[in-house]
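All remarks here apply to the structure that follows.
The values are calculated or read from the model by the stated rules, or taken from the named source; none is laboratory data. These numbers were taken from a predicted model, which means no experiment stands behind them. We place every Cβ from the backbone using ideal geometry, glycine too, and count neighbours over all the protein chains shown.
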Amino acid sequence: MTTSIRGAVLTEIGATRPYRDSAPLEIRVLDLADPRTDEILVRIEAAGICHSDLSVVDGNRVRPIPMLLGHEAAGIVEQVGARAAQDGFSVGDRVVMAFLPRCGECDGCRTGGVMPCVPGTAANGAGELMSGGSRLRFAGDGTGVFHHLGVSGFATHAVVDRRSAVVVGADVPPEVAAVLGCAVLTGGGAVVNAGAAKDGDDIAIVGLGGVGMAALLTAASLGYGRVIGIDGVRSKLDRARELGADEVYTPEEAADAGIRVPLVVEAAGHPRAFETAFAL
Ligand SMILES: [Zn+2]
Ligand SMILES: [Zn+2]
């Protein structure tokens, strides 16, 4: 059996800009195969657009095409494979997707989260699910379509591996649950895992986009030391205040004030932001 779905499929890498005109993503009708034993069928409720999606569109991260994009999504479980049911998934659960599945048994997984999962990374690189192959085909000509990081969330439905989904409470709104899958775990994970923040630590966040704000929210929720937001855009500093920053500065103000902290998260990915962060 298959489910007829619609999804945004990337059919060309490195199309001419602006993409508004060249439209490298097409909304297509696809046949989605039923979930295998390790998999679940999810009706997508919300999906976020991430810079990593753009990196596939512009060829910065080379992936096989045609690929149904989207790796930050949440939805409701509609079918459950037998092994996935043993893992605790039930029809009606709200799930958030994880873009790097973990087998829990390989050398990478044995590093306690430091290194990525070996078979999970291989499946992502091949555009397949953990159990191998794709569940996606174009309706009509039957051409196979690749999965994006095991999620392919820019669609009405997705089949994902049980190791690519986490159940969240029904009270978590889907648009909030969706961003837990990439932006929040990237920014929040930097504070909790890479930064290993501990009580008393002042934490500075440089670059207050989606990832930076997620780091800031996480730092504020920990309640350890001062939470300091740094960005060149005044409106972002105001927003950071609303979200719990104790102090906010432009990069110049931070330098003038002689701000020094033990933990700095650089969330802009820009050389100037890195220089600002390094100086703190
Ligand atoms: Zn992302
Ligand atoms: Zn693994």
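The figures follow:
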| quantity | calculated |
| --- | --- |
| Any hit, segment 267-276, residues being closer than 25 Å to M115 by Cβ and surrounded by fewer than 20 Cβ atoms within 10 Å (Cβ to Cβ) | yes |
| Boolean, V211 is aliphatic (A, V, I, L, M), within 17 Å of H71 (Cβ to Cβ) and under 22 Å from the mean Cα position of the chain (by Cα) | yes |
| Odd one out for I259, checked against (1) outside the structural domain of G70 (by TED's automatic domain parsing); (2) outside any loop (DSSP other than H, G, I, E, B) | (2) |
| Hits in segment 18-49 - residues which are touching a residue at least 40 places away in the same chain (Cβ under 8 Å) and closer than 23 Å to R61 by Cα | L25, R28, A47, G48 |
| For N60: the one exception among (1) crowded, with 16+ Cβ neighbours inside 10 Å; (2) over 14 Å from the mean Cα position of the chain (by Cα) | (1) |
| Filter result (touching a helix residue (DSSP H, G or I) at 6+ places or on another chain (Cβ under 7 Å) and either of a type in the set (D, E) or within 19 Å of V166 (Cβ to Cβ) (or both)) within segment 192-210 | V192 |
| Conditions (1) out of contact with any strand residue (DSSP E or B) (no Cβ under 7 Å at 6 or more places or on another chain); (2) crowded, with 21+ Cβ neighbours inside 10 Å; number of the one not met by R260 | (2) |
| Count of residues meeting criterion [within 16 Å of ligand 1 (Cβ to nearest atom) and either small (G, A, S) or touching a strand residue (DSSP E or B) at 6+ places or on another chain (Cβ under 8 Å) (or both)] in segment 103-124 | 1 |
| Any hit, segment 131-154, residues being within 17 Å of the chain's Cα centre (by Cα), under 14 Å from L69 (Cα atoms), aliphatic (A, V, I, L, M) and crowded, with 20+ Cβ neighbours inside 10 Å | yes |
| Boolean, G181 is within 20 Å of S90 (Cβ to Cβ), at pLDDT below 95 and of a type outside the set (S, T, Y) | yes |
| Tabulated pairs, segment 225-241, first in the same structural domain as A257 (by TED's automatic domain parsing) and part of a strand (DSSP E or B), second surrounded by 14 or more Cβ atoms within 10 Å (Cβ to Cβ) and among the hydroxyl-bearing types (S, T, Y), C-beta under 6 angstrom, 6+ apart or interchain | I230/Y249 |
| Exclusive hit being in the same structural domain as A240 (by TED's automatic domain parsing) and either without any contact (Cβ under 8 Å) to a residue 12 or more places away in the chain or buried (at least 24 other Cβ atoms within 10 Å of the Cβ) (or both), set A122, A165, A214, A220 | A214 |
| Some residue of segment 265-276 being part of a loop (DSSP other than H, G, I, E, B), touching a Gly at 6+ places or on another chain (Cβ under 9 Å), modelled with pLDDT of 95 or more and not aromatic (F, W, Y) | no |
| Any hit, segment 168-191, residues being part of a strand (DSSP E or B) and closer than 19 Å to A47 by Cβ | yes |
| Restricting segment 114-150 to residues that are among the charged types (D, E, K, R) and modelled with pLDDT of 95 or more, the residue that is farthest from ligand 2 (Cβ to nearest atom) | R137 |
| Residues of segment 199-211 that turn out to be surrounded by fewer than 24 Cβ atoms within 10 Å (Cβ to Cβ) and in contact with a strand residue (DSSP E or B) (Cβ under 9 Å, 6 or more places away or on another chain), as a count | 2 |
